[in-house]
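Read the structure below first, then the notes.
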């Protein structure tokens with residue numbers, strides 16, 4: 001029932017997202033922002049840009065059998081204008097995984113836990129842009145190795161600035177479990193992502209946005225995952241539809257025993273400017 005409930009929330013949000021962006025798209029695309037400004041909006045987690053990213057992460061040398069880990073994150077982002085002064089930005093992540101088993105030379109395919117973040121952000125930001133709000137995790141995983149089997153909630157925040165061609169900022173959240181399967185450990189997980197982007201001409205940009213995580217419940221040696229790396233991306237169009245594509249590589253200088261040694265991240269993002 002909990003997986004069905006979480007999946008229902010994702011599907012409902014996804015349908016609302018499609019309905020909202022279809023309404024916007026139907027009004028025409030002649031007023032699309034310039035490519036440079038569009039690139040900066042894709043790099044701002046609390047911009048007023050409707051988007052549908054598909055982010056594929058390929059991890060190498062995962063676990064004792066050095067297997068590959070495949071994670072496709074479906075991440076619809078839909079902003080809502082609450083008042084003239086405030087926006088609500090909804091960011092949802094549904095992972096689709098091929099997950100190696102931790103102690104066997106085998107893997108499982110399915111979906112992971114659904115995450116939703118609600119950012120409240122000023123509608124007319126200054127030089128420093130920020131957003132803050134709750135984050136929720138629902139136990140929708142189709143296999144016990146793909147999720148926590150816990151209902152969790154916490155706080156999330158983002159802050160950034162965009163001087164000239166740069167977009168620089170950071171996002172952080174922490175999740176604590178409050179219900180779920182009794183024979184699974186409680187959740188206390190931290191995530192920190194800094195992002196440094198430099199935008200070139202014609203929609204090209206450099207990006208570095210590694211995701212650092214900590215499992216506060218794990219043993220000391222298995223607590224942190226700290227990657228370093230970066231890559232490039234470009235804003236382009238298919239017909240009138242603007243899109244964002246990027247490719248980046250990361251090496252985990254600190255990782256749990258069962259974590260991947262290095263990874264590739266490919267993202268294809270559908271953009272629906274107002």
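What FRET efficiency do you get for residue 155 and residue 241 if R0 is 45 Å and r is their Cβ-Cβ distance, rounded to the nearest 0.05? Show your work: numbers first, answer last.
Values: r = 35 Å, r/R0 = 0.78.
Plugging the Cβ-Cβ distance into 1/(1 + (r/R0)^6) gives 0.80.
Cα centroids of the range 69-93 and the range 173-190: how far apart, whole angstrom?
23
On a full-extension model of 0.36 nm per residue, what is the gain between residue 182 and residue 145, subtracting their alpha-carbon distance, rounded to one decimal in nm? Let's see the in-between values first.
Working: separation 37, 0.36 × 37 = 13.32 nm, distance 1.57 nm.
That pair, residue 182 and residue 145, stretches by 11.7 nm at full extension.
Cα-based Rg of the chain per 2.2 N^0.38 Å, rounded to two decimals? Mind showing how you got there, number by number?
Details: Rg = 18.7 Å, N = 274, 2.2 N^0.38 = 18.6 Å.
The chain yields a ratio of 1.01.
Going by alpha carbons, how many degrees (0 to 90, nearest 10) lie between the helix axis of 2-26 and the longest principal axis of the chain?
20
Please check: in the Gaussian network model of the chain (C-alpha springs, under 10 Å), which one of 143, 113, 201 has the largest mean-square fluctuation.
Taking springs between Cα atoms under 10 Å, the residue moving most is 201.
To the nearest 500 deg cm²/dmol, what mean residue ellipticity at 222 nm is calculated for the chain from DSSP H runs of n ≥ 4 alone, each contributing -39,500 (n - 2.57), summed and divided by the residues? Intermediate results must be reported in sequence, preceding the final value.
Values: 2 runs with 33 residues, N = 274.
My calculation for the chain gives -4000 deg cm²/dmol from helical runs alone.
How much length is gained on full extension from residue 85 to residue 109, taking 0.36 nm per residue of separation minus their Cα-Cα distance?
Working: separation 24, 0.36 × 24 = 8.64 nm, distance 4.37 nm.
Using 0.36 nm per residue and subtracting the Cα-Cα distance, I get 4.3 nm.
Pick out which of 241, 72, 264 has the largest mean-square fluctuation in a Gaussian network model of the chain, springs linking Cα atoms closer than 10 Å.
For the chain, modelled as a Gaussian network with Cα springs under 10 Å, the answer is 241.
Relative contact order of the range 2-272: what whole-number percent is it, with Cα pairs under 8 angstrom and at least 6 residues apart?
Details: 728 pairs, mean separation 45.1, N = 271.
About 17 percent, as a whole number.
By per-residue mean of other Cβ atoms within 10 Å, what is the highest-first order of 119-126, 216-223? Numbers along the way, then the final one.
Values: 119-126: 15.1, 216-223: 11.6.
The peptides rank, most packed first, as 119-126, 216-223.
Between 224, 86, 130, where does the largest GNM mean-square fluctuation fall for the chain, given springs only between Cα atoms within less than 10 Å?
86
Work out how much length residue 208 to residue 253 would gain on full extension: take 0.36 nm times their residue separation and subtract the Cα-Cα distance, in nm to one decimal. Each step should come with its number before you reach the end.
Details: separation 45, 0.36 × 45 = 16.20 nm, distance 1.53 nm.
Going from the current span to full extension adds 14.7 nm.
Just so you know, all these numbers are worked out from the coordinates, no wet-lab data involved. Everything numeric in this text was worked out from a predicted model, so none of it was measured. Glycine also receives a Cβ, built like all others from the backbone with ideal geometry; neighbour counts cover every protein chain displayed.
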